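Report on one structure; see the data block that follows.
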Amino acid sequence: MSDGDAVNIQVLAAIRSALRERADPVRGAGAQAYMKSAMPCLGVRVPEVRRIAAAAAAGRPFASAGQLRGTALELWRNATAREERYAAIDLTGNPLVAGSMPMLPVYEEMIRSGAWWDFVDGTAARLYGLLQANRAEMTAVLLDWSTDPDFWVRRAAILSQLKAKAGTDTELLARILEANLEDREFFIRKAVGWSLREYAKTAPEWVAAFVAAHAATMSPLSRREALRARGLTPAG
């Protein structure tokens, strides 16, 4: 990749321009307060951000996977509004980098530097694609992340299979959850419950059994969240 391929300047310009054209200062002020964000918000709704990012990428195709990575990181690192970071995460969903392990450092940077639930959860959703394509390597990564000192990294590991449904690796899920059941951090406890609640839509018996088996260590918050699915009750 040449230096000229490092970023797609046209995509960056298109995203930044479109976001500002659709800015709603009143909505932006409310969003900034809700997110407790030091970074300003433009007030562009998330579905619109996704459309903007997709249109920019479709109209000005990336020359390489490396250029896509560089463009996403440029948009992320130099964002002056929260929606630019949302758009950066959206760019990483491009099929050009589907299942590509060189994306892992990009996701990790977004998780560690984003350090808030909207950025972390949006990025965590990308990890399942890497797990599907690189099972052994990503299993090791996610297990390592499940005990990381940074709780946002641990949250990402917990949520990495959130939409996997029948494709969920239950052994991996259990090991990640077990490493975090006794954590007192709200965002970890919430994530534990959320991941179980989602999987309960596919395998309620497995979730009920897991909750029952870990009743002594699971927080009340995690338990309530896990059992919210269809009035689930723990087995045993």
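The values are calculated or read from the model by the stated rules, or taken from the named source; none is laboratory data. Since the model is a prediction, treat every value here as computed from it, not as a measurement. Backbone-built Cβ (ideal geometry, glycine too); neighbour counts: all protein chains shown. Surface accessibility is based on the protein's heavy atoms, side chains included, excluding ligands, DNA and RNA. Shrake-Rupley method; radii C 1.70, N 1.55, O 1.52, S 1.80 Å.
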- Query: If you scan the stretch 1-25, which residues turn out to be at pLDDT 95 or above, assigned to a loop (DSSP other than H, G, I, E, B) and farther than 17 Å from Arg82 by Cα?
  - Reply: Val7, Asn8
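So that you can scan it fast, the table gives a plain yes or no per residue for (1) within 20 Å of Ala124 (Cα to Cα); (2) open to solvent by less than 50 Å² (accessible area, probe 1.4 Å):
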| residue | (1), (2) |
| --- | --- |
| Trp145 | yes, yes |
| Arg154 | yes, yes |
| Leu159 | yes, yes |
| Ala166 | yes, no |
| Lys190 | yes, no |
| Pro204 | no, yes |
| Phe210 | no, yes |
- In the stretch 142-164, the residues that are assigned to a helix (DSSP H, G or I) and out of contact with any helix residue (DSSP H, G or I) (no Cβ under 7 Å at 6 or more places or on another chain): Asp144
- Could you grab the pairs with beta carbons closer than 6 Å, sequence gap of 6+ or different chains, first residue in the stretch 129-140 and in a helix (DSSP H, G or I), second one of a type in the set (A, V, I, L, M, F, W, C) and surrounded by fewer than 18 Cβ atoms within 10 Å (Cβ to Cβ)? Gly129/Ala98
- Task: Output the number of the condition that Ala38 fails; it satisfies all remaining conditions of (1) in a helix (DSSP H, G or I); (2) farther than 20 Å from Arg22 by Cβ.
- Result: (1)
- Task: Output the number of the condition that Leu221 fails; it satisfies all remaining conditions of (1) in contact with a helix residue (DSSP H, G or I) (Cβ under 7 Å, 6 or more places away or on another chain); (2) open to solvent by less than 30 Å² (accessible area, probe 1.4 Å).
- Result: (2)
- Message: Restricting to the stretch 224-236, and then to whatever is part of a loop (DSSP other than H, G, I, E, B) and open to solvent by less than 60 Å² (accessible area, probe 1.4 Å), can you tell me which residue is modelled with the highest pLDDT?
- Response: Leu227
